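Working notes, structure below.
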Amino acid sequence: MTRLPLPNDADLSPRQKEVIEMVKNGPRGGVRGPFGAWIRSPEFAAIAQDLGAHVRFRSCLNDRVREVVICTTAASIRAQYEWFAHARIALEAGVSSATLEAIRKGGTPDDAPEDETMAHAFTTELLNTKRISDASFSKAVDMFGEEGLVEIVGACGYYTLVGLTLNVAAVPLPDGEPLPFPE
């Protein structure tokens, strides 16, 4: 059971209700994941949901690359719910199940397209070292441009926030779903 479930409507402040409506009526179409926790700070929730809407729905990155970054981040911090939600989206976007399995296990995808391989390598290096080498920076700029590089860093940071929130709030997977990262 989640530690920070979505409060009952009767317990919400007007601003909390406003933010919940914003999320429901936005591109996500519903309130789930970290929003039960975030709504305790409605101004934070509003800002975070807007950033997330950009990262997820308005990014210059293609869907496959974005989902590789998200899934690499989820695996790095062992965010069960984040992986559950985004592995499915990644498959729908065209990321192979073999690539996802390699990422889930902390490995390197073997036969992924070059842009997915670069996104995974860049994200892994950033999460592991908290820096990027000059060589990785140059390769990423050559492949994704400066805007794409900034958006990869932004997606990594945003989904670290999401994943850590999910982990702290102990947001459960739907009944019957196996944990992607055994505890």
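List the number of the failed condition for Leu6; all other conditions in (1) surrounded by 15 or more Cβ atoms within 10 Å (Cβ to Cβ); (2) part of a helix (DSSP H, G or I) hold.
Checking Leu6 against (1) surrounded by 15 or more Cβ atoms within 10 Å (Cβ to Cβ); (2) part of a helix (DSSP H, G or I), the one that fails is (2).
Do the conditions hold for Arg28, that is, is it among the basic types (Lys, Arg), part of a helix (DSSP H, G or I) and surrounded by 14 or more Cβ atoms within 10 Å (Cβ to Cβ)?
no
When region 54-70 is examined, which residues are found to be closer than 18 Å to Arg32 by Cβ and in contact with a helix residue (DSSP H, G or I) (Cβ under 9 Å, 6 or more places away or on another chain)?
Answer for region 54-70, where residues must be closer than 18 Å to Arg32 by Cβ and in contact with a helix residue (DSSP H, G or I) (Cβ under 9 Å, 6 or more places away or on another chain): Val55, Arg56, Glu67, Ile70.
Tell me, which residue of region 91-104 that is in contact (Cβ under 8 Å) with a residue 12 or more places away in the chain and over 16 Å from the mean Cα position of the chain (by Cα) is surrounded by the most Cβ atoms within 10 Å (Cβ to Cβ)?
Across region 91-104, the extreme among qualifying residues is Thr99.
Do we find that Ala85 is in contact with a helix residue (DSSP H, G or I) (Cβ under 6 Å, 6 or more places away or on another chain) and in the same structural domain as Met118 (by TED's automatic domain parsing) in this structure?
Judged against the criteria, Ala85 is not a match.
Can you tell me which of Gly157, Gly163, Gly107 is under 19 Å from His54 (Cβ atoms) and without any contact (Cβ under 8 Å) to a residue 60 or more places away in the chain?
Result: Gly157 is the single residue among Gly157, Gly163, Gly107 that is under 19 Å from His54 (Cβ atoms) and without any contact (Cβ under 8 Å) to a residue 60 or more places away in the chain.
Residue under question is Ala140, and the condition is that it be surrounded by 21 or more Cβ atoms within 10 Å (Cβ to Cβ), under 17 Å from the mean Cα position of the chain (by Cα) and over 17 Å from Arg78 (Cβ atoms); does it hold?
Considered against the rule, which asks whether it is surrounded by 21 or more Cβ atoms within 10 Å (Cβ to Cβ), under 17 Å from the mean Cα position of the chain (by Cα) and over 17 Å from Arg78 (Cβ atoms), Ala140 comes out as no.
The values are calculated or read from the model by the stated rules, or taken from the named source; none is laboratory data. Just so we're clear, the structure is a prediction, and the values are computed from it rather than from any experiment. A quick note on method: Cβ atoms are made from the backbone with ideal geometry, for glycine too, and the neighbour counts reach across all protein chains shown.
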